[in-house]
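Trainee: Below you will find the structure I want to go over with you.
The values are calculated or read from the model by the stated rules, or taken from the named source; none is laboratory data. Predicted model, so just to flag it, every value in this text is computed and none were measured. Reconstructed Cβ throughout: ideal geometry from the backbone, glycine too, with neighbour counts over all protein chains shown.
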Amino acid sequence: MPDYPKEKPYIIAETAYNHEGDINYLLKMIDELAEIKVNAVKFHLLLNIDSYMKKTHPLYKQVKKWMFSEKQWDKIISHANRKKLDIVALCDDVESIQYIIGKKKKIRAIELHATSINDYFVLSEVSKFNGLIILGIGGTNTEEISYAVDFLKKHRKKDILLMYGFQSYPTNYEDINLSKMIKLHDLYNLPVGYADHTSYSDPNNLIISISAALLGFPILEKHYTLNEGKKRIDYHAAVGEKKMKDICDLMQLALKVRGNGKNTMSEPEKAYGKVGPMKKAIVAKKDIRKGEKLTIEKLWFKRNPEESKIPQKKFLQILKHRAKVDIKKDEIIDMKKIVEAITITGSLIGSTAKDIKNKIIAMQQMGGMLDEFKWREETFNATNGNAVHLDEANFTDALAEGQTNLLDQEIAYDFTIVLSVGKAR
């Protein structure tokens, strides 16, 4: 329904003609369904059988015996209202739609059976209803569905629900084809419900009934009877009180298990995925002394009772960091125990090596240690145009000795500096 939360089930109990014209039987069905706490009860309304079928139809005489008068429907609908059940009225004729609209009955939805899916007169009349319209689409093709949907939308009807499912006994599981509901939803951008017609005696009845919920469709329509298995009209797919209760409970469970589909982790999942207790943590493969660089030969991954704050994917990033303290074999590596190395890369074409020296001195004053200094090339252009060879070793010496003849050379190529920030103590 338009205003129901998608994480909760909405179960419609269909009475169909199981009452066989016995109003007291139908009233008792309403009482039981209210106790079970289904969301809605569905009635088949037919006031003018001659508007619905020819007298020569094989079901004409039988159906005529099961019909209720308007006065009887007044009593039935009022009873369901008092029991606080939503009402879905499947209207088989134009007259029953006129009855509901004309008498302003408290009805949640009007449903059209697949027999009337493209009936111009029925569609025209139901377009006047100020509420949800359900289209029973069992045995209909996309052209027929599109015609009905377009017709209703042209009449400014927005609250439309497609009810998927059809009767077939015995049930062939492959014919149920619940995946089709996904395609119907995507094609029409409308909510889709599942009308299950699995035989009451099928051992997989409960599983099949809730399967659509696991796909994200929380609306279920299910036939109901007072005496499961007793031969009455529409009894083949009708379940009794116990099975309906089980279905209600399992529908809630199915939707809980399915979840909301968000690509986030729950708190229990986060706890399960902690680095250390569950995921392997980065540890010392051997004893590492204070001031030593962390290298691939000195590290390993192991599960540990302690939690680590360094994720596994950071392994390569902590290589070349230095140990701030002595770290024993199998001890977890964490940021408190290491001095972080920062790599500075850039291009200083036209600048002097002295500029780099000043950068390094500034970092050292912040507690940095020069780990590496690498040139992409080793040749530099002197200010006088002469080529000067400057490598990592003599540049480091130049820093220490203040050799301005080298430090004043203009750099012609890119450089990389690796500094450890934070003194190892």
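Trainee: Check every one of the strands (runs of 3 or more DSSP E) wholly within segment 212-318 and list those with 1 or more residues that are in contact (Cβ under 8 Å) with a residue 24 or more places away in the chain and under 21 Å from the mean Cα position of the chain (by Cα). Walk me through how you get there before you give the answer.
Mentor: Details: elements: 219-223, 281-284, 299-302.
Answer list for segment 212-318: 219-223.
Trainee: Looking at (1) over 30 Å from residue 259 (Cβ atoms); (2) at pLDDT 85 or above; (3) hydroxyl-bearing (Ser, Thr, Tyr), which is the one condition that is false for residue 345?
Mentor: All conditions are met except number (2).
Trainee: Quick check, is residue 282 more than 17 Å from residue 313 (Cα to Cα) and surrounded by 15 or more Cβ atoms within 10 Å (Cβ to Cβ)?
Mentor: Details: more than 17 Å from residue 313 (Cα to Cα): no; surrounded by 15 or more Cβ atoms within 10 Å (Cβ to Cβ): yes.
For residue 282, the condition - more than 17 Å from residue 313 (Cα to Cα) and surrounded by 15 or more Cβ atoms within 10 Å (Cβ to Cβ) - is not met.
Trainee: Criterion first (within 29 Å of the chain's Cα centre (by Cα), more than 23 Å from residue 14 (Cα to Cα), hydroxyl-bearing (Ser, Thr, Tyr) and not in a loop (DSSP other than H, G, I, E, B)) does residue 146 satisfy it? First the steps, then the outcome.
Mentor: Values: within 29 Å of the chain's Cα centre (by Cα): yes; more than 23 Å from residue 14 (Cα to Cα): yes; hydroxyl-bearing (Ser, Thr, Tyr): yes; not in a loop (DSSP other than H, G, I, E, B): yes.
Against the criterion (within 29 Å of the chain's Cα centre (by Cα), more than 23 Å from residue 14 (Cα to Cα), hydroxyl-bearing (Ser, Thr, Tyr) and not in a loop (DSSP other than H, G, I, E, B)), residue 146 qualifies.
Trainee: Also: Among the numbered criteria (1) modelled with pLDDT under 95; (2) in the same structural domain as residue 171 (by TED's automatic domain parsing), which single criterion is violated by residue 284?
Mentor: Going through the list (1) modelled with pLDDT under 95; (2) in the same structural domain as residue 171 (by TED's automatic domain parsing), residue 284 breaks only (2).
Trainee: Residue pairs, Cβ under 6 Å, 6 or more apart or interchain, first in segment 72-83 and over 16 Å from residue 39 (Cβ atoms), second not β-branched (Val, Ile, Thr). List them.
Mentor: Final answer for the pair search is 77/105; 79/27.
Trainee: Exactly one condition in (1) more than 30 Å from residue 21 (Cα to Cα); (2) out of contact with any strand residue (DSSP E or B) (no Cβ under 8 Å at 6 or more places or on another chain) is false for residue 218; which is it?
Mentor: With respect to (1) more than 30 Å from residue 21 (Cα to Cα); (2) out of contact with any strand residue (DSSP E or B) (no Cβ under 8 Å at 6 or more places or on another chain), residue 218 is out only on (2).
Trainee: Right, another one. What's the total number of residues in segment 162-206 that are hydrophobic (A, V, I, L, M, F, W, C) and more than 21 Å from residue 133 (Cβ to Cβ)?
Mentor: Residues of segment 162-206 that are hydrophobic (A, V, I, L, M, F, W, C), as a first pass: 162-163, 166, 176, 178, 181-182, 184, 187, 190, 192, 195, 206.
Still in the list and also more than 21 Å from residue 133 (Cβ to Cβ): 176, 178, 182, 206.
Here the count works out to 4.
Condition check ((1) β-branched (Val, Ile, Thr); (2) touching a His at 6+ places or on another chain (Cβ under 9 Å); (3) assigned by TED's automatic domain parsing to the domain that holds residue 308) across all residues:
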position: 237; (1), (2), (3): no, yes, no
position: 244; (1), (2), (3): no, no, no
position: 253; (1), (2), (3): no, no, no
position: 273; (1), (2), (3): no, no, yes
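Trainee: Sticking with this one: Does any residue of segment 192-211 turn out to be surrounded by fewer than 16 Cβ atoms within 10 Å (Cβ to Cβ), over 30 Å from residue 22 (Cβ atoms) and not polar (S, T, N, Q)?
Mentor: Within segment 192-211, one or more residues are surrounded by fewer than 16 Cβ atoms within 10 Å (Cβ to Cβ), over 30 Å from residue 22 (Cβ atoms) and not polar (S, T, N, Q).
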